[in-house]
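S.K.: Below: one structure in structure tokens.
The values are calculated or read from the model by the stated rules, or taken from the named source; none is laboratory data. If you're wondering where the values come from, they're calculated on a predicted model, not measured in any experiment. Counting neighbours? That spans all protein chains shown, and the Cβs are built from the backbone with ideal geometry, glycine included. Keep in mind that these areas ignore ligands, DNA and RNA; they rest on the heavy atoms of the full protein, side chains included. Shrake-Rupley method; radii C 1.70, N 1.55, O 1.52, S 1.80 Å.
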Amino acid sequence: MTNLLDLLAGSPTLLALGEPTHGESAFLQIRNEAFMSLTEHGYRSIALESDRAAGLIADEFVRGGAAVTLDRALAEGFSHGFGAAPANRDLLLRMREWNAGRPVAERLTFHGFDAPLEIEGAPSPRRYLTQLCDFLDLDRSAEIDDLIGDEAQWSDTAAIWEPGRSIGRSTNAQRLRVIADDLLSELYLQAPRRPEGWQAAFVHATSAVAVLRYHAAAAAPLAQEERFARLAGVRDALMAENLLAIRATEAHRGPTLVFAHNTHLQRHQSTMTMAGTAVSWAGAGAIIAALLTDRYALIVGSLGASPALGIGAPGTSTYEGGLQQKTNHPGYVHTSEIGPAEQRAHDYRYFPLDQATIEHADAVLHIPTGVDAAMLADRILALPEVDQVVASEENGSPEGAWGDRFFYVGPDRRQPFATIVEHDVLGFDEASQLDRPGVFRLNLDLGRVEFERLFGFPPKAFEDHRHTFDFARLDALVPHPGYALHGFGSIVMPGPQMLPEIDRLLAIAHGRAADRHERAVRRATHPRPGA
């Protein structure tokens, strides 16, 4: 894949990498590889479309803190359910591994840059104000609790559709905004005496201000189209404010990679449809680009097909279809190389490329296809004389294996040359954490020679090296946790960038199976004398 920095005219301090949809793991997997590559060029931080206050917990794990486990970092360190994405687990672990033993100046930092809210609603500021008061050693909990009252009136999603139900412009909400502003002033006043933990307290202070601003916008007595545009704009303005604060913190350490949906990062007006209403607003990227100018660079994401999301291949006349014809593998394309085309049909799953998006971006990351278990199975079945057996109740397979796929050459079913499995085997094969939603593993019979070439030791020596592998990491070719002694390797959720290597390894595994089948046929048709 082309080095993305080679596509940029200058040296941005904030490099934005977008995705056109949420839920296609390939973008996150390539993001991880891009970020770890950028660390070799001085990048020391990453900012994701996730709650900034929650991100403090994920960052504590990344820094190596013993108080935050990986499970807690994923459960509490991300918003919008993003902690469930297997690639985000990998990101945290890889950042923590990088940081181990390095000087503070070289360590990587994790940031969220979203406000603690959704378009459809926001919580009360209670938690953030309480944490801020704790840091400042101020007891204003009774006053804050009295003003907030019932949490349900803050989290009422109907208030987004009916401004009269919003608490955002009530007397109590206005008094809370004054308290939040006063506490922020007090935080600055105490900075000379309390530098330790000040940045985290500042995040809590600005999070309190953010939710109060959003509630006020939700209460604005505007027509629906104008209100929706205002809410989307306020959220992105809060994102932009957070990104500028992150850059102020990271400026002396190196550039920052930011990853989010294209609509939050693009330089021109963002648009979407809410409740049948077309909405247009300036996204965080448009705000940041106006303020940072050439210090902001943008690479937008483009997708061909996604089996996981049910998105089929694009028409050849579309922008995505044209990019499909350039390459079968993920790659970066300078926008100057993309000519006029048609816009792909838009639905809620995917925001397609259009001329404005291309004109205002520096480059495009195009992913021809995502990878799921069925897509890999079709790739294997395209090899000569391959049969597939899918474990089921009907063929007597144990229930825990139902749906797993086994691939053979010839009628001998004793040894598959490849398998695709989606389940842990309790007490035997749990290291890959296959019971996570959407996770699967490709297993391949590499043979002793290729196994040793890849891993540097023969299959029989696997147990001496088991501890050096993370068997749950995505996109990593590792010895099979259960069958390495037999020369098997495995890859958990391989991304599309791995398909060329997968094809090479499949050819080896298939060749071994075909040789076994041919030997068996020769033995059956030409038995040895006396046999």
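S.K.: Within segment 203-232, what residues put their amide N at less than 19 Å from the label point 7 Å along the Cα-to-Cβ vector of residue 343?
M.R.: 229
S.K.: Another question, then. Along the Cα-to-Cβ line of residue 275, 7 Å from the Cα, sits a label point; which residues in segment 136-157 have backbone N less than 12 Å from it?
M.R.: Once the point is set 7 Å along Cα→Cβ of residue 275, 157 turn out to lie under 12 Å by backbone N, inside segment 136-157.
S.K.: Can you run phi through the Karplus equation (6.51, -1.76, 1.60; θ = phi - 60°) for segment 207-218 and list ³J(HN,Hα) in whole Hz, with x for Gly and Pro?
M.R.: 5, 4, 4, 4, 5, 5, 4, 5, 4, 5, 5, 5
S.K.: Taking the alpha carbon gyration tensor of segment 285-417, what are the square roots of 5 times its eigenvalues, largest first, to the nearest whole Å?
M.R.: Working from the Cα gyration tensor, I get semi-axes of 42, 16, 13 Å.
S.K.: For residue 156 and residue 13 in the same chain, what is the full-extension length gain: residue separation times 0.36 nm, less their Cα-Cα distance, in nm?
M.R.: 47.6 nm
S.K.: Extension gain residue 465-residue 486, at 0.36 nm per residue separation less the Cα-Cα distance, in nm?
M.R.: Full extension from residue 465 to residue 486 adds 6.1 nm.
S.K.: How would you rank 40-51, 255-266, highest first, on the average number of other Cβ atoms within 10 Å across their residues?
M.R.: Order by mean packing, descending: 255-266, 40-51.
S.K.: Using the Cα atoms of segment 387-498 to build a convex hull, what is its mean projected area in square nanometres?
M.R.: Across all orientations, segment 387-498 yields a mean hull projection of 7.7 nm².
S.K.: Can you give the relative contact order of segment 55-204 as a percent, counting alpha carbon pairs under 8 Å and 6+ residues apart?
M.R.: With pairs under 8 Å counted, the relative contact order is 19 percent.
S.K.: Keeping all protein chains in place and using 1.4 angstrom, which order do 239, 498 fall into by accessible surface area, from largest down?
M.R.: Result of the area sort, largest leading: 498, 239.
S.K.: Could I ask something else about it? What number, in percent, do you get for the relative contact order of segment 153-270 if the mean sequence gap of Cα pairs under 8 Å and at least 6 apart is divided by its residue count?
M.R.: It rounds to 26 percent for segment 153-270.
S.K.: Between segment 105-136 and segment 148-169, what is the C-alpha centre distance in whole Å?
M.R.: 20
S.K.: For segment 490-503, what does the Karplus curve 6.51 cos²θ - 1.76 cosθ + 1.60, with θ = phi - 60°, yield as ³J(HN,Hα) per residue in whole Hz, taken in order and with x for Gly and Pro?
M.R.: 8, 9, 8, 6, x, x, x, 5, 8, 4, x, 5, 4, 4
S.K.: Can you list residues whose amide H is under 5 Å from residue 480's amide H, if they're 5+ apart or on another chain and H is modeled 1.01 Å from N?
M.R.: Under 5 Å from the amide H of residue 480: 488, 489, 490.
S.K.: Using per-residue counts of other Cβ atoms within 10 Å, averaged over each peptide, order 79-86, 132-139, 443-450 from highest down.
M.R.: 443-450, 79-86, 132-139
S.K.: Between residue 3 and residue 76, what is the label-point separation in nm under the 7 Å Cα-to-beta-carbon projection?
M.R.: 4.1
S.K.: Continuing with this model, one more query. Please compute the contact order of the chain in relative form: average sequence separation of alpha-carbon pairs under 8 Å and at least six residues apart, divided by the residue count, as a percent.
M.R.: 15
S.K.: Considering amide H positions built from the backbone, and no H for Pro or chain starts, which residues 5 or more places from residue 495, or on another chain, come under 5 Å of its amide H?
M.R.: Hits under the 5 Å cutoff: 475.
S.K.: Over all pairs of distinct alpha carbons, what does the Kirkwood formula give as the hydrodynamic radius of the chain, in Å?
M.R.: About 25.7 Å for the chain.
S.K.: Taking the Cα centre of each part, how many Å lie between segment 180-248 and segment 458-531?
M.R.: Spelled out, the Cα-based centre of one part sits 54 Å from the other.
S.K.: Over 16 Å, how big is the tail of the calculated P(r) for segment 205-248, in percent of all Cα pairs?
M.R.: Beyond 16 Å sits 39 percent of the P(r) for segment 205-248.
S.K.: Taking amide H positions as placed 1.01 Å from N in the peptide plane, with prolines and chain starts having none, which residues 5 or more places from residue 51, or on another chain, fall under 5 Å of its amide H?
M.R.: 79, 114
S.K.: So if each residue of separation counts as 0.36 nm, and I subtract the Cα-Cα distance between residue 190 and residue 309, what length gain in nm does that give?
M.R.: 37.9 nm
S.K.: How many Å² of accessible area per residue for the chain, probe 1.4 Å?
M.R.: Here the residues of the chain average 44 Å² of exposed surface.
S.K.: Starting from the Cα of residue 138, step 7 Å along the direction of its Cβ; do the same at residue 430; then give the gap between the two resulting points in nm.
M.R.: 4.8
S.K.: As a test question: what accessible area, to the nearest 10 Å², does residue 439 have when a 1.4 Å probe is rolled over all protein chains in place?
M.R.: Its heavy atoms expose roughly 0 Å² to the probe.
S.K.: What list of ³J(HN,Hα) values in whole Hz, one per residue of segment 121-137 in order, does the Karplus curve 6.51 cos²θ - 1.76 cosθ + 1.60 (θ = phi - 60°) give from phi, with Gly and Pro shown as x?
M.R.: With the stated coefficients, segment 121-137 comes to x, 9, x, 7, x, 3, 4, 6, 5, 5, 5, 5, 4, 4, 5, 7, 6 Hz.
S.K.: What's the FRET efficiency of residue 225 with residue 181 using the Cβ-Cβ distance as r and R₀ = 25 Å, to the nearest 0.05?
M.R.: Working from the Cβ atoms, E equals 0.20.
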